[in-house]
Amino acid sequence: INEILDLSRVEAGKLMLREETVVVPELLESILRLVRQRALEGHVTLETEFPSCTCQLFGDKRLLRQLLLNLATNAIKFTPPGGKVLLSASVGQDSLRFVVADTGIGIAKEDIPKAMAPFGQVDSRLGRKYDGTGLGLPLAKAMAEAHGGTLELESDPGVGTRVTVR
């Protein structure tokens, strides 16, 4: 229900940012705490590459956490046992970059627009294997854009998916 409400706010132009200073390594550690058990249960290896600095950004901590949590949860959900999920952050000259990459099932290039659309399900069959509302990626993109950023998705079936948020 919260995702539907957030999507409604985005579509109505009413998504309000409660900006504050966010310490990036702390943000990433909070995501890891939330997804670590799911990865263990799915026999998925979590890898991290965090900046050694205490870099900070100014943004809405709740929305940034939700954005990264949506991406990490999707990566784990769509990665088969024995696969890997990488959560990383790096600082460039003029931007901060978050990457969530997996060795999961991947998405065909022609299905990426569908996956990025609200309620879009690449596999829309009644008995599909993976649950979800189809809001995680569109919300993550909207939350990145609300912060003046971008979200890019690259994927290949059988190889995996890489989502970059700048």
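The values are calculated or read from the model by the stated rules, or taken from the named source; none is laboratory data. None of these values were measured; they are calculated from a predicted model. So basically every Cβ, Gly included, is an ideal-geometry build from the backbone, and we count neighbours across all protein chains shown. The accessibility values were calculated without ligands, DNA or RNA, using every heavy atom of the protein model including side chains. Shrake-Rupley method; radii C 1.70, N 1.55, O 1.52, S 1.80 Å.
The local environment of E29, defined by Cβ-Cβ distances under 12 Å, has a net charge of +2 under the rule Lys, Arg +1 and Asp, Glu -1. Residue-wise HN-Hα couplings along region 103-114, as the Karplus relation 6.51 cos²θ - 1.76 cosθ + 1.60 with θ = phi - 60° gives them from phi, are 9, x, 6, x, 10, 5, 3, 6, 9, 4, x, 5 Hz; Gly and Pro carry x.
Once you reduce region 33-63 and region 133-166 to the center of their Cα atoms, the two points are 16 Å from each other.
Of the listed peptides 47-57, 99-109, what is their order by residue-averaged count of other C-beta atoms within 10 Å, with the highest listed first?
Values: 47-57: 12.6, 99-109: 19.6.
Output ranking for 47-57, 99-109: 99-109, 47-57.
Using the Cβ-Cβ distance between C55 and E29 with R0 set to 22 Å, the FRET efficiency works out to roughly 0.95. Per residue, region 40-115 exposes an accessible area of 52 Å² to a 1.4 Å probe, with every protein chain left in place. Couplings 3J(HN,Hα) for region 35-45, derived from phi with the Karplus relation 6.51 cos²θ - 1.76 cosθ + 1.60 (θ = phi - 60°), are 10, 4, 5, 4, 5, 4, 5, x, 6, 10, 7 Hz, where x marks Gly and Pro. Between L40 and Q93, full extension at 0.36 nm per residue minus the direct alpha carbon distance yields a gain of 15.5 nm.
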